[in-house]
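Accompanying notes for the structure given below.
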Amino acid sequence: MCVKRFSRIPKGTAPLSPADQPTQPVREWASIFLLSADRRGLVEICLMHPLDVVKTRFQIQRGTSDPNSYKNLSDCFRTIIRNEGVFGFYKGILPPILAETPKRAVKFFTFEQYKKLLNLTPLSPGLALSVAGLGAGLTEAVVVNPFEVVKVSLQANRDSFTEQPSSFAQARHIIKSEGFGFRGLNKGLTSTLGRHGVFNMIYFGFYFNVKDAIPTSPDPTLEFMRKFAIGLVSGTISSCVNIPFDVAKSRIQGPQPVPGEIKYRTCFQSMALVYREEGYLALYKGLVPKIMRLGPGGAVMLLVYEYVSGWLQRNW
């Protein structure tokens, strides 16, 4: 696939990056991406969080022998509504809301910085975009992992929403009982690194490579649909590839099968254990709600990033 060098991308087709504007101060770029990363976060979380809860519930259940096993997607929705109420779909929503601004800002700003650095290397443009996405995802994972630990522990709780501890109370309980380390607020970090690294490597690499390879349209509506379709495919493919890391993360951060005994310890140990005990398909639990959330959500995220950052560059 033929891909243009970053410095040759036509000015009107995409937001300029620090690689294209080497004299622009980094602090100005930081402000631009901090602003552009946080425009649609709250709405996206509120709309898509129920799917995240359902995804986590499927990922932590251990086959048909699990007494709390859901039969299918509709059974999961019905059971949550019947036993936990509508608000059951919003368990653990505060941690992602709190993490949204730093998470998106880190993702897009570091992607631009890694892209700028990699433009100075002999890597091909297409590969450099993927590596920049990998670096951005790994950096993002370090920021978001403590929030994920609290979120998953709340999502796994099947008590009524009103009986559930608050996010801050849950965080204090985790810190008090298990500390800040890899058994406490940072457990599952390797799985989170794998999940975010793999996702963003494919997400950014596929989107920008394909977007530059497919001719642009002079019609604004068709151009929007072109970018949305590429973003949708990008988010879908990334979700399919990285979900084994997501399953391992949920098993590590969620409740262990036997209280007081740690069964799922590390990323690849958890993957191997799930595969051995439940089969290959168990590594893809929660894939449907994950795609339903991150397919269109990924497309919207990239489009808002491009259009908002482009507007900020023209009017800053």
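The values are calculated or read from the model by the stated rules, or taken from the named source; none is laboratory data. The shown structure was predicted, so the numbers you read here are calculated from the model rather than taken from an experiment. All Cβ positions, even for glycine, are placed from backbone atoms using ideal geometry, and neighbour counts span all protein chains on display. Areas reflect the complete protein model, heavy atoms only, side chains present, ligands, DNA and RNA absent. Shrake-Rupley method; radii C 1.70, N 1.55, O 1.52, S 1.80 Å.
Just for region 147-165: of the residues that are under 16 Å from the mean Cα position of the chain (by Cα) and closer than 20 Å to Asn242 by Cβ, which one is most open to solvent (accessible area, probe 1.4 Å)? Among them, the one singled out is Phe147. Considering Pro259, Pro289, the condition of being open to solvent by less than 50 Å² (accessible area, probe 1.4 Å), within 26 Å of Ser153 (Cβ to Cβ) and not hydrophobic (A, V, I, L, M, F, W, C) is satisfied by Pro289 alone. State all residues of region 213-247 that are more than 20 Å from the chain's Cα centre (by Cα) and open to solvent by 40 Å² or more (accessible area, probe 1.4 Å); if no residue qualifies, say none. Once the filter is applied, which keeps residues that are more than 20 Å from the chain's Cα centre (by Cα) and open to solvent by 40 Å² or more (accessible area, probe 1.4 Å), region 213-247 yields Ala213, Ile214, Pro215, Thr216, Pro218, Asp219, Pro220, Thr221, Leu222, Phe224, Met225. Find the residue count for region 95-152, including only residues that are basic (Lys, Arg) and farther than 30 Å from Gln256 by Cα. Selection size over region 95-152: 4.
Can you work out which of the residues in region 190-212 that are aromatic (Phe, Trp, Tyr) and closer than 20 Å to Arg293 by Cα is surrounded by the fewest Cβ atoms within 10 Å (Cβ to Cβ)? Across region 190-212, the extreme among qualifying residues is Phe206. Got at least one residue in region 173-185 being among the acidic types (Asp, Glu) and part of a helix (DSSP H, G or I)? Within region 173-185 (the criterion being among the acidic types (Asp, Glu) and part of a helix (DSSP H, G or I)), the answer is yes, since at least one residue qualifies. With region 209-316 as the region, which helices (runs of 4 or more DSSP H) entirely inside it contain at least 1 residues that are at pLDDT below 90, among the hydrophobic types (A, V, I, L, M, F, W, C) and within 24 Å of Leu134 (Cβ to Cβ)? So the answer is 287-315.
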